[in-house]
Structures are given as C-alpha cells and as structure tokens.
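Here's the structure we're looking at; comments come further down.
Bear in mind these aren't lab numbers, they're just calculated from the coordinates by the rules spelled out. Please read these numbers as outputs of a predicted model, since none were measured by experiment. Neighbour counts run over all protein chains shown; Cβ positions are idealised from the backbone, glycine included.
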Amino acid sequence: MIRVVVVDDQEMVREGFSALLDAQDDIEVVGAAGDGVQGVALARTVKPDVVLMDIRMPEMDGLTATRLLLDGSDDVKVLVLTTFDLDDYVYDALQAGASGFLLKHAPARELLGAVRVVAAGEALLAPSITKRLIEDFVKSRRGERVRPAQLSVLTERETEILLLVAQGLSNSEIAAHLVLAEQTVKTHVSRVLMKLGLRDRAQAVIAAYESGLVVPG
C-alpha cells in the first residue's frame with residue numbers, strides 16, 4: 001500500500017483528494033492537515049510514503065514545510081499541489097527536494113498516476129508544463145552560470161543521459177532514443193544521481209539547467 005498524507009488549507013480539497021485516493025486498492029490516506037506546521041508534524045508521526053503538499057497555506061507555506069520535511073530524510077516523497085501553473089514557489093519547492101508538482105485541477109487519473117510515480121521513486125517530470133516552468137525560473141535567475149566542476153566526473157554517456165533526463169524523457173524513452181536496454185539506462189541515471197549527490201530526477205533537471213549544461217528555450 002502507498003501511504004499518503006494530504007496537506008491543504010482548503011477543507012473541500014483535502015476531503016476530495018482523500019476520498020479519491022482512499023478509494024484505490026493500492027493507496028491509503030493516513031492523515032490530512034490544514035497547514036504546513038500540522039502537515040510536518042503529522043508526516044513525522046505517521047511516516048507516509050508520499051505527502052501531497054499545497055504551496056500557499058497559513059501558519060507555514062508548503063515550501064518551508066517541504067524543506068523541513070525533507071531535510072536529511074529520503075523516506076518520504078513530496079508532491080507539490082498548486083493552483084497556478086506558474087506559481088512562484090514551485091521551482092523553489094523542487095529545489096527543496098520535492099519530487100514533482102501537479103495542478104489542483106488536473107484530472108483524477110493524473111493525480112493517481114502522480115502519486116504512484118512519486119511513490120515508486122521517480123520524479124513527476126513528464127508534463128510539458130514542468131519543463132517550461134523550470135526553464136522560466138532558471139531564465140529569471142540566470143546571471144552568469146559556470147558549469148560545476150563536479151559535472152566532469154560524469155562519463156560521456158552519463159552526460160548524454162543527463163541531457164535527455166533534463167528534456168523530460170522517461171527511462172524507456174531514453175532507451176529507445178539511444179538504443180539501449182531500459183535497465184542500462186536506469187543504471188546510468190542512478191550513477192548520475194550518485195556522482196552529483198542529487199536526490200532524484202527533479203533535482204537532476206534543475207542541476208542541468210543551473211549549470212548551463214542545458215540552455216533554457
């Protein structure tokens with residue numbers, strides 16, 4: 001079972017998401033909270049696999065809550081919920097370690113799929129909106145970026161893999177593009193994350209853009 005906590009300041013949203021998720025055979029909602037303070041405390045107590053985290057909440061926003069929850073912990077994944085597709089906080093949430101984000105008005109099947117993808121240890125990067133959002137915020141903060149020296153630890157193949165991950169391709173899509181076995185791609189991705197000290201694919205995308213390895217647009 002995938003254990004989920006829903007954190008949102010709107011009661012109808014909390015109840016709606018909780019009911020939808022609880023109706024699935026493989027998902028169990030183990031708690032819900034109305035702000036970041038309650039959400040962090042609840043998640044630390046019940047230890048869910050995934051936290052659905054709203055961005056804009058009273059007492060403590062979802063960004064701060066995400067940072068606190070993920071600081072030093074790899075046991076829980078955070079899926080950020082936002083009303084607007086260009087929410088100013090989404091990029092920061094991904095930087096803080098969130099595994100992806102989802103629009104609140106997304107279809108039910110996308111929410112269910114997102115929870116399962118994140119619970120499996122993958123980042124939710126497939127929707128084109130994610131790539132555009134990351135590009136937009138990297139552009140706005142660009143300044144002068146120097147490719148970090150640590151990227152030099154990657155092999156030529158690993159650098160190629162990182163470029164494709166940054167474009168939002170899944171392991172199977174990368175495998176087809178490079179004519180490799182999917183398991184081989186998965187191994188390369190794991191090595192890239194390990195060598196660069198990254199949490200998941202979401203942070204790999206950010207690293208690729210911030211380093212200048214990938215140019216926005």
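Report the charge-dipole magnitude of the stretch 145-211 in Debye, nearest 20, computed about the Cα centre from +1 at each Lys and Arg Cβ and -1 at each Asp and Glu Cβ. Before the final figure, lay out the partial values.
On the way: 8 positive and 7 negative charges, 45 e Å.
Dipole size: approximately 220 debye.
Magnitude of the Cβ-charge dipole of the stretch 2-124, K/R +1 and D/E -1, about the Cα centre, nearest 20 debye?
Working: 10 positive and 22 negative charges, 39 e Å.
Dipole of the stretch 2-124, to the nearest 20 debye: 180 debye.
Let me know the shape class of the stretch 145-211, please: from the alpha-carbon gyration tensor, a ≥ b ≥ c as square roots of the eigenvalues, rounded when a/c is under 1.5, otherwise prolate if a/b is greater than b/c, or oblate.
Details: a/c = 1.83, a/b = 1.64, b/c = 1.11.
Prolate, because a/c is 1.5 or more and a/b exceeds b/c.
Given a Förster distance of 35 Å, report the FRET efficiency between H105 and S190 from their Cβ-Cβ distance, rounded to the nearest 0.05.
So, using R0 = 35 Å, E works out to roughly 0.55.
From the backbone phi of the stretch 114-119, what are the Karplus-calculated ³J(HN,Hα) couplings (6.51 cos²θ - 1.76 cosθ + 1.60, θ = phi - 60°) in whole Hz, Gly and Pro given as x?
Each residue's phi maps through the Karplus curve to give 5, 4, 5, 5, 5, 4 Hz.
I need the peptides 25-35, 4-14, 102-112, 48-58 ranked by packing, meaning the mean over residues of other C-beta atoms within 10 angstrom, with the highest value on top. Mind dumping the intermediate values first?
On the way: 25-35: 17.1, 4-14: 20.3, 102-112: 14.3, 48-58: 23.2.
So the peptides 25-35, 4-14, 102-112, 48-58, ranked by packing, come out 48-58, 4-14, 25-35, 102-112.
Mind running the shape call on the stretch 2-124? Use the C-alpha gyration tensor, a ≥ b ≥ c as the square roots of the eigenvalues: rounded below 1.5 for a/c, prolate if a/b tops b/c, oblate otherwise.
Values: a/c = 1.20, a/b = 1.14, b/c = 1.05.
It is rounded, given that a/c, with a ≥ b ≥ c, falls under 1.5.
Need one number: nm distance between label points at R44 and R199, each 7 Å from Cα along Cα→Cβ, rounded to one decimal.
1.6 nm
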